[in-house]
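Student: Before I ask anything, here is the structure I am working with.
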Amino acid sequence: MKGSASLFHVIYHFEGTWFICSTTDMHDYMADEKVLYSRASEPEKGTNHLRIPPKCGWCNEDGGTSQVPIIHYVDVGSPPPQNWRLNPEASFSDWKIVLKYQLDGSDDVCTKVYNCHRYTLALGPKACKYFWRLCNAKKFAENEIHESHITLPIKAAEVFYLLLDYCYGLEVLIDAANAVSLLYLAGYFDCTALYHEANGFCSTGISATSCGRFYQQASSCGMIDIVRAVEGYCVENFVKIVAVAKEIIPYVPLEFWLSLFDKGEVILGTEASQLVAEVCQQHESCLNPENFRALTRRLTDISYVVAVLLLECEARVMHRAGADDPTGLTALQTRCVDAMAQHIGQGYDSKYFQIPSGCSIVVANALLMKINE
């Protein structure tokens, strides 16, 4: 390439931002006030593209912590490929998408801006009919300013960039963390090809480990059919859910567990009692006397460890709610006292026994009496 006057288009990544520059000298030029040095060699015969590996003399071997721009793509003598991540002026962006969404539990509206290209969105190989209709209808004000304002549920907004990647022909990996949200986006923007791919994954992808993520996305996007499918799967496969509870609990709201534990087909025995305790711990800040009783009322058998956890959790919930101490044991307290006494066994010296933290005097006396029977 030495001595050649060909125009080079370079797409590179630096300090979290994508840039595109053009130059006739690959060895020294200015880009966004940063000097980019690169070492390039002749591209293979018959090809128009030169990929520079991360280890190019300036980058670290993995390219991840380099202090100089990392070149991802070099194109020789032809326009660079379109990409919504590129500098909007250099890539001739002609359409702006202003995306708005609300974070869970907040009234604040967040905004993200994407600089795109009408042709890709409306007429490209993986175009969205939504944008085709929008760009072809003069009655829409968006056509005057070349700008769309779109409000999406938080889980759909989080993966909106994947929809754009798909439209631009980039590879998009569909998995449990994004499948339902992508299905929602594909339906919303009428992207037929993506809809079929996402729907195919959702149709076969519900499992014990994925159901939490499926439910989280579906409830955020208002996809009731998938919410019900997940609930049905969990009822039919409750034993599997109990086995992988720790993987599911962080993704599922309290309302899901309240509904699931209320199903007559779900048996809340000793093993399931651990799941109930973990749900109470995960969502304790949202618990009140009513929903705590709803979570625990159908427990049939309780392990010693769970009995301690539930008694302590109940005490905190009641104290926070300012509830009066009951004059007798509740059904849950009776089962917990029985479980603890059975675990300790006959002959235990009760004066060395530590009562669960925060328990009422009624529970403490009942437990001591049960142990000394």
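The values are calculated or read from the model by the stated rules, or taken from the named source; none is laboratory data. In this text the structure is predicted, and so the values were computed from the model without any measurement. Note: ideal-geometry Cβ built from the backbone for every residue, glycine included; neighbour counts use all protein chains shown. When the accessible area is computed, the model is the full protein with side chains, heavy atoms only, and any ligands, DNA or RNA have been set aside. Shrake-Rupley method; radii C 1.70, N 1.55, O 1.52, S 1.80 Å.
Student: Consider V305 carefully, then state whether it is surrounded by 15 or more Cβ atoms within 10 Å (Cβ to Cβ), among the hydrophobic types (A, V, I, L, M, F, W, C) and touching a residue at least 12 places away in the same chain (Cβ under 8 Å).
Tutor: no
Student: Kindly indicate which of S285, S273 is part of a helix (DSSP H, G or I), farther than 23 Å from V235 by Cα and at pLDDT 90 or above.
Tutor: S285
So that you can scan it fast, the table gives a plain yes or no per residue for (1) touching a residue at least 12 places away in the same chain (Cβ under 8 Å); (2) open to solvent by 70 Å² or more (accessible area, probe 1.4 Å); (3) touching a helix residue (DSSP H, G or I) at 6+ places or on another chain (Cβ under 9 Å); (4) closer than 23 Å to E158 by Cα:
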| residue | (1), (2), (3), (4) |
| --- | --- |
| A208 | yes, no, yes, no |
| Q217 | yes, no, yes, yes |
| I224 | no, yes, yes, yes |
| V235 | yes, no, yes, no |
| A243 | yes, yes, yes, no |
| F261 | yes, no, yes, no |
| V266 | yes, no, yes, no |
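Student: Next up: Within segment 158-172, is even one residue touching a Ser or Thr at 6+ places or on another chain (Cβ under 7 Å), closer than 27 Å to Y215 by Cα and open to solvent by less than 50 Å² (accessible area, probe 1.4 Å)?
Tutor: yes
Student: Scan segment 116-126 and tell me whether some residue there is under 30 Å from the mean Cα position of the chain (by Cα), among the small types (G, A, S) and modelled with pLDDT of 55 or more.
Tutor: Yes - at least one qualifying residue is present in segment 116-126.
Student: I'd like the full set of residues that are of a type in the set (A, V, I, L, M) and buried (at least 23 other Cβ atoms within 10 Å of the Cβ), limited to segment 188-205.
Tutor: Answer for segment 188-205, where residues must be of a type in the set (A, V, I, L, M) and buried (at least 23 other Cβ atoms within 10 Å of the Cβ): L194, A198.
Student: So, one more: Which one of F238, F214 is of a type in the set (F, W, Y) and closer than 28 Å to A127 by Cα?
Tutor: Exactly one of F238, F214 is of a type in the set (F, W, Y) and closer than 28 Å to A127 by Cα, namely F214.
Student: In segment 313-333, how many residues are under 17 Å from L368 (Cβ atoms) and free of Cβ contacts under 8 Å to residues at least 24 places away in the same chain?
Tutor: The total comes to 0.
Student: Within segment 90-109, work out how many residues are closer than 12 Å to L152 by Cβ and in contact (Cβ under 8 Å) with a residue 12 or more places away in the chain.
Tutor: Residues of segment 90-109 closer than 12 Å to L152 by Cβ: 97-102, 109.
Okay, now just the ones that are also in contact (Cβ under 8 Å) with a residue 12 or more places away in the chain, so 97-102.
Adding up the residues that qualify gives 6.
Student: Residues that are polar (S, T, N, Q): list the helices (runs of 4 or more DSSP H) wholly contained in segment 109-210 that include at least 2 such residues.
Tutor: 192-204
Student: If you don't mind, another one. Restricting attention to segment 289-304, which residues are in a helix (DSSP H, G or I) and out of contact with any Leu (no Cβ under 8 Å at 6 or more places or on another chain)?
Tutor: Once the filter is applied, which keeps residues that are in a helix (DSSP H, G or I) and out of contact with any Leu (no Cβ under 8 Å at 6 or more places or on another chain), segment 289-304 yields P289, E290, F292, Y304.
Student: Do we find a residue being among the basic types (K, R) and either part of a strand (DSSP E or B) or in contact with a Lys or Arg (Cβ under 8 Å, 6 or more places away or on another chain) (or both) anywhere in segment 97-105?
Tutor: Yes - at least one qualifying residue is present in segment 97-105.
Student: If I filter segment 305-316 for residues that are under 39 Å from the mean Cα position of the chain (by Cα), at pLDDT below 90 and not in a helix (DSSP H, G or I), do I get at least one hit?
Tutor: no
Student: If I go through segment 245-259 residue by residue, how many of them are assigned to a helix (DSSP H, G or I), under 25 Å from A157 (Cβ atoms) and open to solvent by 30 Å² or more (accessible area, probe 1.4 Å)?
Tutor: Number satisfying all stated conditions: 4.
Student: Next question. Across segment 93-151, what is the total count of residues that are touching a Cys at 6+ places or on another chain (Cβ under 8 Å), surrounded by 13 or more Cβ atoms within 10 Å (Cβ to Cβ) and aliphatic (A, V, I, L, M)?
Tutor: Within segment 93-151, residues that are touching a Cys at 6+ places or on another chain (Cβ under 8 Å), surrounded by 13 or more Cβ atoms within 10 Å (Cβ to Cβ) and aliphatic (A, V, I, L, M) number 4.
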